[in-house]
Amino acid sequence: MSCSFNLKNISYKNDTKHLFSNINLDVGHEQKVAIIGSNGAGKSSLLKIIAGLESNYEGELHLFHNKISSKKEYERFRSDIGYLPQDVSDFFLCPTVIEDVMFNLRCRGEKKEEAYTKALVILEQLNIVHLKDRIIYDLSGGEQKIVAIAGILITKPKILLLDEPTNALDSSSEQKIIELLNSINKSMVIVSHHKSFIEKLAPTIYELKSNGLKLI
């Protein structure tokens, strides 16, 4: 199986304490993996390491069989990684849904008409085209999460990294996120502390411990 990424003996400590060591993980093409763990175990930090947002770690990160030794080396794979933070309130850069979903394509130099058409397509695929002209901050938490995912998917990343995608959502919004993620065929790592949620998404589940990942 072709690997999307590999972690080899990853260790990490923040300003106050050592969080984890001996993290080894291989995620294959279109494989969905979930990582659970207690609050403060370092789940978000581990996801940020994979996303290239945290460089203060020991060990090796490989993307598509390429060893990543610096942020500069990571940059050529940046467009292949779609990262959804736990809190999406600071994720949005434009006032309306359609403008925000278009944003990354416009930054890449695509013409407004082309970006608009592609944004409509992704909104239709996610069943939220009716929200296209809404102000993002007037949406519910679940709607905001789906809009954020739309803004990621429009760039066609190969790997999705999702940090607590249903955090603070009601059961109806959580079910919509589950249905959406189950419909996406991409390599995916989902971090959550809700085992019942990720059991509906990922056939492979690990628990993050201070001394490594435990397959459960």
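Take the residues in the stretch 176-194 that are within 21 Å of ASP87 (Cβ to Cβ) and at pLDDT below 95; name whichever of them is surrounded by the fewest Cβ atoms within 10 Å (Cβ to Cβ).
Step by step, filter the stretch 176-194, then rank; the result is HIS194.
On the basis of being among the charged types (D, E, K, R), surrounded by 14 or more Cβ atoms within 10 Å (Cβ to Cβ), out of contact with any strand residue (DSSP E or B) (no Cβ under 6 Å at 6 or more places or on another chain) and over 18 Å from ALA202 (Cα atoms), does GLU54 make the cut? Working first, answer last.
Numbers: among the charged types (D, E, K, R): yes; surrounded by 14 or more Cβ atoms within 10 Å (Cβ to Cβ): yes; out of contact with any strand residue (DSSP E or B) (no Cβ under 6 Å at 6 or more places or on another chain): yes; over 18 Å from ALA202 (Cα atoms): yes.
Answer is yes for this residue.
Can you tell me how many residues within the stretch 133-171 are among the basic types (Lys, Arg) and either crowded, with 18+ Cβ neighbours inside 10 Å or assigned to a helix (DSSP H, G or I) (or both)? Working first, answer last.
Of the residues in the stretch 133-171, the ones among the basic types (Lys, Arg) are 134, 145, 156, 158.
Restricting the remaining residues to those that are either crowded, with 18+ Cβ neighbours inside 10 Å or assigned to a helix (DSSP H, G or I) (or both) gives 145.
Count: 1.
Please verify whether SER38 is out of contact with any helix residue (DSSP H, G or I) (no Cβ under 9 Å at 6 or more places or on another chain), among the polar types (S, T, N, Q), within 26 Å of LYS200 (Cβ to Cβ) and at pLDDT 95 or above, treating the condition exactly as stated.
Working: out of contact with any helix residue (DSSP H, G or I) (no Cβ under 9 Å at 6 or more places or on another chain): yes; among the polar types (S, T, N, Q): yes; within 26 Å of LYS200 (Cβ to Cβ): yes; at pLDDT 95 or above: no.
So SER38 does not fit the description; no.
When you check GLU30 against the structure, is it surrounded by fewer than 16 Cβ atoms within 10 Å (Cβ to Cβ), charged (D, E, K, R), within 19 Å of TYR206 (Cα to Cα) and under 15 Å from the mean Cα position of the chain (by Cα), yes or no?
Working: surrounded by fewer than 16 Cβ atoms within 10 Å (Cβ to Cβ): yes; charged (D, E, K, R): yes; within 19 Å of TYR206 (Cα to Cα): yes; under 15 Å from the mean Cα position of the chain (by Cα): yes.
When the stated conditions are applied, GLU30 passes them.
Just checking, how many residues over the stretch 82-133 are out of contact with any strand residue (DSSP E or B) (no Cβ under 7 Å at 6 or more places or on another chain), under 27 Å from LYS48 (Cβ atoms) and among the polar types (S, T, N, Q)?
Matching residues across the stretch 82-133 total 2.
Scanning the stretch 195-215 for residues that are loosely packed, with under 12 Cβ neighbours inside 10 Å and in contact (Cβ under 8 Å) with a residue 24 or more places away in the chain, which turns out nearest to SER38 (Cα to Cα)? Full working, then the answer.
In the first step, residues of the stretch 195-215 are kept if they are loosely packed, with under 12 Cβ neighbours inside 10 Å; the result is 196, 203, 211, 215.
Among the residues that remain, those that are also in contact (Cβ under 8 Å) with a residue 24 or more places away in the chain are: 203, 211.
Details: PRO203: 20, ASN211: 14 Å.
By that ranking, first place goes to ASN211.
The values are calculated or read from the model by the stated rules, or taken from the named source; none is laboratory data. All of these numbers come straight from a predicted model, not from anything done at the bench. In this analysis, Cβ positions are derived from the backbone assuming ideal geometry, glycine residues included, and neighbour counts consider all displayed protein chains.
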